[in-house]
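Visitor: Sharing a structure with you now.
The values are calculated or read from the model by the stated rules, or taken from the named source; none is laboratory data. As the structure is a prediction and not an experimental result, all values here were calculated from the model. Because the Cβ atoms are built from the backbone with ideal geometry, glycine has one as well, and the counts that use them run over all protein chains shown.
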Amino acid sequence: MAKRKHLFLISGIVIAVIVLILVITPLFVNANMFRPQIEQQLSGMLKRKVAIGRLSVSVLSGSLVADRITIGDDPAYSNQPFLTAKSLSVGVNLMPLIFSKKLEVRSLTFDNPHVQLLRDNQGNWNFDSLGGSAMPGDPAPKADPPPPQSAISSPIQSFTVGQLAINNATIAFGRAGQPTRLAYENANLTASNISATQAFPLSFDARTPGGGHLNLHAHVGPLAAVGANRLPFEGQLQANNVPAQDVQSLLAVLGYALPTGSSLQGGTIQANLNLHGPFQRLVTSGPVKLSNVRLAGYSFLTQMAKALGTAGAATGNDTLIQVASSDLRYAPQGLQAQNLDIVIPALGTLTGTGTVGANNQLNFRMVAQLAGSSPLAQLVKLPIFGPKSGGLPFLIQGTTAHPRIVPSISGVAGIVQKFVPQGKQAQQPGGVIGGFLNKLLASKKKKKQP
């Protein structure tokens, strides 16, 4: 019995001491004394001006809590903050903080931040200069230099981050000098064991404006002494049920245009992409699939009929894409599409490969397996193409804003020119190809009449 009472007494004393610490610690630790040093340390690390609000001690969670934080943007992009957050929690080791006023940071947690990602006309992003990027031969960084060292003796002996968390963030994308075009909501990011000497894991997930889902798992770093644009990066991104309208907005931010007057409507996009860094030269590759997407304001069938100069050109202003899939590779030099396979109910199946340059120049080599009863569909049934022709070959050139469909010279034109005397080629209405195909189609219709 005496031993049990003794145990209860010891337990009561321990509990009392813990409660006493919880009560009196905020009285003996003036958390705000660390604010200038934390601001200075973060500003020096990020090469951006960092401002945090009033600091308080949360003993239960073992952290310093700031009621707000802002990180400035590169002035070449915007005078608005790069990041604002309602609160910042700095996880610390309490014993050194209480007894020796030594600040040892374990974690950083941003709650409900708003992040602004901006891209300029040269393809550079406003996060490129985070952390500095000075390398031999590089231009001077755009961001302001880090603030001077404070004359106040700093109690910070070390500043390492074991874990970084960004919770319930809004990430806005846009072009420098223009309103942001889209914002991803409910974004969450975690990174652990952040190190200057070895890569560390990072996870990210978010909802697109239209309700699609993005999920990223990657390894980043090591941080070393490089800026954000030079950070090594290896990861995999999955995009599920992303509405086509969201992709159109992202393409606009990346500098890619749709045909003039057109827009993506309805349908979704799936992707499973590998990302390989550094950020400055990030390469994204993998399969992408579109389902039931309408390209409103642009009729591919009409444009192809006009390009071939055939009679009875299709009418309509839209292109319904039932399904489109390709292995894509996106890099600073542009976009490459391999194994391109597109099903357009009003036209047929299109296959091929091609590129979209960083300047929006198109260079696609395609083959159309035409279906239906349109004049175009009858082309591949003509004897001149033969049973093994593989379809109607054509090129897509021009720019993304003004695409131009051209019959393949080595394909259709080569076949047609064999059947048209040299002296009559210039006399064909609609050109050599159009005039000849119109004549064949007309004769075929006459044979069918009773």
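Visitor: Just name the residue that is modelled with the lowest pLDDT out of those in the stretch 142-168 that are under 19 Å from A218 (Cα atoms) and of a type in the set (G, A, S).
Guide: G162
Visitor: At pLDDT 60 or above, within 31 Å of the chain's Cα centre (by Cα), under 19 Å from L46 (Cα atoms) and surrounded by fewer than 17 Cβ atoms within 10 Å (Cβ to Cβ) - does that describe any residue in the stretch 118-130?
Guide: Scanning the stretch 118-130 turns up no residue that is at pLDDT 60 or above, within 31 Å of the chain's Cα centre (by Cα), under 19 Å from L46 (Cα atoms) and surrounded by fewer than 17 Cβ atoms within 10 Å (Cβ to Cβ).
Visitor: When you scan the stretch 383-411, how many residues do you find that are out of contact with any helix residue (DSSP H, G or I) (no Cβ under 6 Å at 6 or more places or on another chain) and modelled with pLDDT under 85?
Guide: Just the residues of the stretch 383-411 that are out of contact with any helix residue (DSSP H, G or I) (no Cβ under 6 Å at 6 or more places or on another chain), to begin with: 383, 385-391, 394-404, 406, 408-411.
With modelled with pLDDT under 85 added as a condition, the list becomes 383, 385-391, 408-411.
Summing the residues that are out of contact with any helix residue (DSSP H, G or I) (no Cβ under 6 Å at 6 or more places or on another chain) and modelled with pLDDT under 85 in the stretch 383-411 gives 12.
Visitor: Scan the stretch 174-206 for residues that are polar (S, T, N, Q), closer than 23 Å to F233 by Cα and in contact (Cβ under 8 Å) with a residue 24 or more places away in the chain and jot them down.
Guide: Across the stretch 174-206, the qualifying residues are T190, S192, N193, S195, T197, Q198.
Visitor: Still on this model: From the set of residues in the stretch 221-241 that are modelled with pLDDT of 90 or more and of a type in the set (A, V, I, L, M), which is nearest to A191 (Cα to Cα)?
Guide: Among residues in the stretch 221-241 that are modelled with pLDDT of 90 or more and of a type in the set (A, V, I, L, M), the one nearest to A191 (Cα to Cα) is L237.
Visitor: Looking at S263, S299, S291, S285, which one is in contact with a His (Cβ under 9 Å, 6 or more places away or on another chain) and of a type outside the set (K, R)?
Guide: Going through S263, S299, S291, S285 in turn, just one is in contact with a His (Cβ under 9 Å, 6 or more places away or on another chain) and of a type outside the set (K, R): S285.
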